Amino acid sequence: MRIYRHFRQAKAKAIAFVLGLVALAVSVLASPVGADVWGSQSSTTGAHPDGSTHNYCWGSGFDTNLRDNVDEMFDDALGGPTDATVEFKSTCKFSGSGETDVVWFDADLPGSTRGTAPCEDYDNGYCDQYYVTLDPAQINVGSNDDADTDKTVCHELGHTVGLTHGSGGGDGGTDDCMISGERPSTNSQYERYSSHHKEHINAWF
């Protein structure tokens, strides 16, 4: 009798374990495929911005040929489709209260790097100022230079609002400008943020 009781207990535990695995599998399958995690609260790329108006300015000597691309991405990729408010500042403020959120530069970057977006001023868990640097020589390798510039600008701008590398899987796996590396095509999706990434941005701003 005691053996039978132990057998029933063991059987019940086995059934509960199997049901737990099934529930876990269903949960995993229900999650957005390829969805990336929003930026971490650290001083690395993807640090959260200060949450106010996301303004920007031109760093010393910033290439005039790149300015239209930056303006376009602030308006068409960020300011228009998301809850973020964007503003251009004719003069950069590098310290103190109200310093400019994103300062744009161009330079010769190492190797084949097209752009970088480190947090220059990380304060109390947020990034008060990003320095974004673009390398036109690397962006303009091959054809479709203007499209490649838009993708790169959109990508680095995304880092300044807390986005990390990823596909934006909330669109069912649809890629956007936050994918790493070469732009796969001239499709406009690669100079915009997917709905998954826009949800991250809207939740912050």
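Among strands (runs of 3 or more DSSP E) entirely within the stretch 43-150, having at least 3 residues that are aromatic (Phe, Trp, Tyr) singles out 126-134. Scanning the stretch 140-150 for residues that are open to solvent by 30 Å² or more (accessible area, probe 1.4 Å), touching a residue at least 12 places away in the same chain (Cβ under 8 Å) and over 23 Å from Leu66 (Cα atoms) turns up nothing. Against the conditions (1) of a type in the set (Ser, Thr, Tyr); (2) out of contact with any helix residue (DSSP H, G or I) (no Cβ under 6 Å at 6 or more places or on another chain); (3) at pLDDT 95 or above, Tyr4 satisfies every one except (3). Scoring Gly80 on the criteria (1) open to solvent by less than 10 Å² (accessible area, probe 1.4 Å); (2) under 22 Å from Asn202 (Cα atoms) leaves a single failure, condition (1).
Note on the stretch 106-133: residues that are of a type outside the set (Ser, Thr, Tyr) and either more than 23 Å from Glu182 (Cβ to Cβ) or in contact with a Leu (Cβ under 6 Å, 6 or more places away or on another chain) (or both) total 11. When residues in the stretch 111-139 are screened for being open to solvent by 60 Å² or more (accessible area, probe 1.4 Å), of a type in the set (A, V, I, L, M) and touching a Pro at 6+ places or on another chain (Cβ under 9 Å), 0 of them pass.
Give the stretch 90-110 a look and list any residue that's open to solvent by 60 Å² or more (accessible area, probe 1.4 Å) and of a type in the set (Phe, Trp, Tyr), or say none. Listed by number, the list holds a single entry, Phe94. Listed conditions (1) under 17 Å from Asp68 (Cβ atoms); (2) part of a loop (DSSP other than H, G, I, E, B) are all met by Ser180, apart from (1).
The values are calculated or read from the model by the stated rules, or taken from the named source; none is laboratory data. Given the structure is predicted, the values throughout are model-derived calculations rather than measurements. With ideal geometry, Cβ positions are generated from the backbone for all residues, glycine too; neighbour counts draw on all protein chains shown. Side chains included, ligands, DNA and RNA excluded: accessible areas come from the protein's heavy atoms. Shrake-Rupley method; radii C 1.70, N 1.55, O 1.52, S 1.80 Å.
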